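In what follows, a single structure is set out as structure tokens and then discussed.
Rule-based calculations on the coordinates, nothing more; no lab input. The structure presented is a predicted model; accordingly, all values stated were derived computationally and were not measured. Here the Cβ positions follow ideal geometry from the backbone for every residue, glycine too, while neighbour counts run over all protein chains shown.
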Amino acid sequence: MSARIVLFDLGHVVVDWQPIRLYRDFFETESEAEAFVRDICNMDWHLQHDLGVPMAENAGRLIEQYPHFEPQIRAWRSRWLDMFEGYVPGMPPLMARLEENRVPLYGLSNLPDEVAEETFDAFPMIKLLRDVVVSGAERVAKPDPKIYEIALARMGNPDPADVLFTDDRENNCEAAEVLGFKTHHFQGAQGLEARLAAEGLL
């Protein structure tokens, strides 16, 4: 059975989100910027935003530990869009082709709810998605099975085998596979294009 619905992750799949892009403005060297996003404003800390913790509240906790980095920590929210490089190469035309073929397109993203709308407004291709499940709004994040169940409900409860889910993280794909989704580990638009063609969607 071929897929008939495509469910996209957003970051690193549709849009190129790179926090270090912002922090190059604050540090003189690449290694200093890399150390900051690895050791201070890191993905473990950011996961709390994806789970619905208010960004100002989470920033305050970190500032208590690193008061000398307050401007950098607050910039995570105030300059959110400066972390984006743009679209992942090749993805806008690929999504447009799917839309032309009337393939139902949806999104499932680990994303803070409070920045979701400004992110969608900055990248209009996201508006091709009929709905986007945002982890911060649901207070549950991939790879928790609950968020995939929420996505199924938002898509109208299709058979999971009818859905091709693509994500850049293998563990997120594996969690979806357990629930019966078809999955594609995203490593670039060309590979996804080949998979979509194999599914008969292009």
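Relative contact order of the chain, please, whole-number percent, based on alpha carbon pairs below 8 angstrom and at least 6 residues apart.
Numbers: 312 pairs, mean separation 61.1, N = 202.
Relative CO of the chain lands at 30 percent.
Fewest first, what order do D50, D82 take by the number of other Cβ atoms within 10 Å?
D82, D50
For E117, E138, which order do you get if you count the other beta carbons within 10 Å of each Cβ and list the fewest first?
E117, E138
In square nanometres and to one decimal, what's the mean projected area of the convex hull around the Cα atoms of the stretch 156-202? Walk me through the numbers on the way to the answer.
Numbers: hull surface 13.6 nm².
Averaging across all directions leaves 3.4 nm² for the Cα convex hull.
By DSSP, what percent of the beta bridges with both residues in the chain are antiparallel, rounded to the nearest 5?
15 percent
If neighbour count is taken as other Cβ atoms inside 10 Å, put S109, S2 in order from fewest to most.
Going from sparsest to densest Cβ surroundings: S2, S109.
Looking at the stretch 27-106, which GluC sites (Glu not before Pro) are DSSP coil and have at most 14 other C-beta atoms within 10 Å of their C-beta? Mind dumping the intermediate values first?
Values: sites: E28, E30, E32, E34, E57, E64, E85, E99, E100; in loops: E28.
Sparse-neighbourhood loop GluC sites (Glu not before Pro): E28.
With the Cα gyration tensor of the stretch 3-60 giving a ≥ b ≥ c as the square roots of its eigenvalues, does the rule (a/c under 1.5 for rounded; else a/b larger than b/c for prolate; else oblate) give rounded, prolate or oblate?
oblate
Would you pull out the residues with amide H under 5 Å of V133's amide H, same chain only if 5 or more places away, H placed 1.01 Å from N?
When sequence neighbours closer than 5 places are left aside, the close amide H contacts are G107, L108, S109.
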